[in-house]
1. Looking at the structure I just gave you, is Leu279 closer than 13 Å to Cys314 by Cα and away from the ligand (no atom under 16 Å from the Cβ)?
2. So Lys269 fits all but one of (1) closer than 17 Å to Ala202 by Cα; (2) within 16 Å of the ligand (Cβ to nearest atom); what number is the exception?
3. Just to be sure, is Leu245 surrounded by fewer than 17 Cβ atoms within 10 Å (Cβ to Cβ) and among the hydrophobic types (A, V, I, L, M, F, W, C)?
4. What's the total number of residues in segment 211-233 that are in contact with a Lys or Arg (Cβ under 8 Å, 6 or more places away or on another chain) and not aliphatic (A, V, I, L, M)?
5. What residue, among those in segment 41-56 that are touching a residue at least 40 places away in the same chain (Cβ under 8 Å) and hydrophobic (A, V, I, L, M, F, W, C), is nearest to Ile151 (Cα to Cα)?
6. With Ala265, Ala332 as the choices, which residue is closer than 24 Å to Gly129 by Cα and either in contact (Cβ under 8 Å) with a residue 12 or more places away in the chain or buried (at least 24 other Cβ atoms within 10 Å of the Cβ) (or both)?
7. Looking at segment 299-352, which of its residues are in contact with a helix residue (DSSP H, G or I) (Cβ under 9 Å, 6 or more places away or on another chain) and polar (S, T, N, Q)?
8. What number goes with the only condition from (1) within 16 Å of the ligand (Cβ to nearest atom); (2) more than 30 Å from Lys273 (Cβ to Cβ); (3) surrounded by 14 or more Cβ atoms within 10 Å (Cβ to Cβ) that Gln66 does not pass?
Amino acid sequence: MNITKKAFGTTPDGQEVELYTLTNDNDMTIKITSYGAIVVSLFVPDQDGKVADVVLGYEKLDGYLQNDPYFGCIVGRYANRIAKGKFSLEGREYTLAQNNGENALHGGLVGFNKVVWECETVQTDDIVGVRLSYLSKNGEEGYPGNLNVNILYSINNNNELKIDCEATTDKATVINLTHHGYFNLKGHDTGDILNHEVTINADRYTPTDETAIPTGELADVDGTPMDFRSATTIGARIEDDFEQLKLGNGYDHNWVINRSKDDLALAAKAVDKTSGRVLEVFTTKPGVQFYTGNFIEGQKGKDGAVYKKRGGFCFEPQFFPDSPNQPQFPSAVLHPGEVYQHKMAYKFSVSK
Ligand code: GAL
């Protein structure tokens, strides 16, 4: 296993950005930049050992300065939506930017995807990795508390990408970190993902209103196009006349993962039959947002690719959306003295 580092450009305000390349002994290569803690490329083999880059992304730093789809990044301080950009905590109301209609989305105007992280390489007998750290100051994007965030991205020889997140605060705050990779297991530049077979380990999901805020209900997937308990292609029901699919413009919902404790549980799986590539996603958090790239619209990506609607899908493990305003959901509050932890694993293999 091996790690190399090179320059990846300079931000408009003069900060130097790095690109780390991590390689294991089984043909897996991942490129991670210090800008936004973004996975720029992820190469894995198919059933014949042929390697392809299976994540959407930009060729250069420039693309990531805008990055409306949030390709490949760590999203924070609060991934997903907070209704009307407001929440109350310990008797105080906090106001965030309304950057998605009237709601707050993915950490605000300058979320964790748009800052430069401190990086340190890590290598042991079993893994190669990069540890990224960022101090989000009290009041940044309206959130309370100085929040110290650490993300360890690592790969091992089982072709697993592990993402271990930790954070501490000096004042009560809310936190919801996730990874926002867009996958196309055929290859990032091969068109839409509608033929991927998806399984989601969930009996229930959180239906939303027309602004993508959960109604608060945990609805049964049974008998609906939201039922992915057995493998179904993404395209099979995506255009069905089902209100939640109309509201989401496709799949863009949070599923309630079936689990008994807070350990690493399987959230979702995708299989691309043409290449044989398989992705399984594990998390210690209660939910997973399954998003089918409904808002991708002609972004110019790596290798001259132009990404179209549904050119990639995301499995984003996390707390449920809008948890700070929905007391019946698992709490996303972090207090001083506690350590926020979120472990995710993206495991690649091939089906025979
Ligand atoms: C997803 C979210 C979508 C959309 C996308 C970014 O995480 O569920 O609604 O905002 O990010 O384009």
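1. Criteria met by Leu279.
2. Condition (2) is where Lys269 drops out.
3. no
4. 3
5. Leu42
6. Sole residue among the options that is closer than 24 Å to Gly129 by Cα and either in contact (Cβ under 8 Å) with a residue 12 or more places away in the chain or buried (at least 24 other Cβ atoms within 10 Å of the Cβ) (or both): Ala265.
7. Residues satisfying the conditions are Gln299, Asn325, Gln326, Ser331.
8. Failing condition for Gln66: (3).
The values are calculated or read from the model by the stated rules, or taken from the named source; none is laboratory data. Quick caveat: nothing in here was measured; it's all calculated off a predicted structure. Backbone-built Cβ (ideal geometry, glycine too); neighbour counts: all protein chains shown.
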